[in-house]
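Since every read-out is calculated from the coordinates, none of them should be taken as a lab result. The structure displayed is predicted, hence computed values, not measured ones. Cβ sites come from the backbone with ideal geometry, for glycine too, and all protein chains shown count toward neighbours.
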Amino acid sequence: MNNLDFSAEPLFSWYVVALAFSGVAMLVLGALNLGGGLKIGWRILNVLVGLGFLGYAYYLAFVFEGGRYEIFFKAFILPIALIVHSVKAIVERGNAKAQQPVPPGAPYGPPAGFDPNAPAQAPYNPNAPQPAYAPQPGQGVPPQAAAPYAPQPGAPAPQAAAYAPPAQPVADNPYAQPAPPAQPPHPAG
């Protein structure tokens, strides 16, 4: 049974239409995270109130068999406030994303494109002077000695083998430092 008759009961019919429209609008704003502007709590509230309005509109339009009913126009304050809040949050979130500046030289920013007018880098020159702290080509890095052990007062004396550093390089260790090439003996002259 359809209770919507705009010629016989226009106020009742428009009230049902307004309930249904408010319910659908709130469901759309709550179910779809348009622009990512709403937090999850507001989205759940929009969906619940929207379902309530749609359910009441369905009841009045198809189940209600007449009799006494009351129209609560104050009930439309909540959906209007929630819709305004949702739209405002979506617009503010979109504006905040658009105004967010990217600092120059950001560590994880988009990579710079190829610039054909940029000066070319010099090719690698093995004879160029190296900084003092860089190891020179052909020289090995000396192995580091273990830190000296200082016993704590009252602690038992450790066994010597437990704190001895491993000998370097180890022949079967693929991660060991390579041994520098042996220098041929110079003839005494």
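At-a-glance table
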read-out: Burial ranking of peptide ranges 57-70, 8-21, 84-97 (average Cβ count within 10 Å, highest at the top); value: 8-21, 84-97, 57-70
read-out: Gyration tensor (alpha-carbon) shape descriptor, the stretch 9-86, a/c threshold 1.5; value: prolate
read-out: Segment A81-L4, length gained on full extension (0.36 nm per residue, minus Cα span); value: 25.0 nm
read-out: Two-site label geometry, V28 and A182: point separation in nm, points 7 Å out along Cα→Cβ; value: 8.6 nm
read-out: Extension gain (nm, one decimal) between R68 and W42, 0.36 nm per residue minus Cα-Cα; value: 6.0 nm
read-out: Charge sum, other residues only, whose C-beta stays under 14 Å from N46's C-beta, Lys/Arg counted +1 and Asp/Glu -1; value: +3
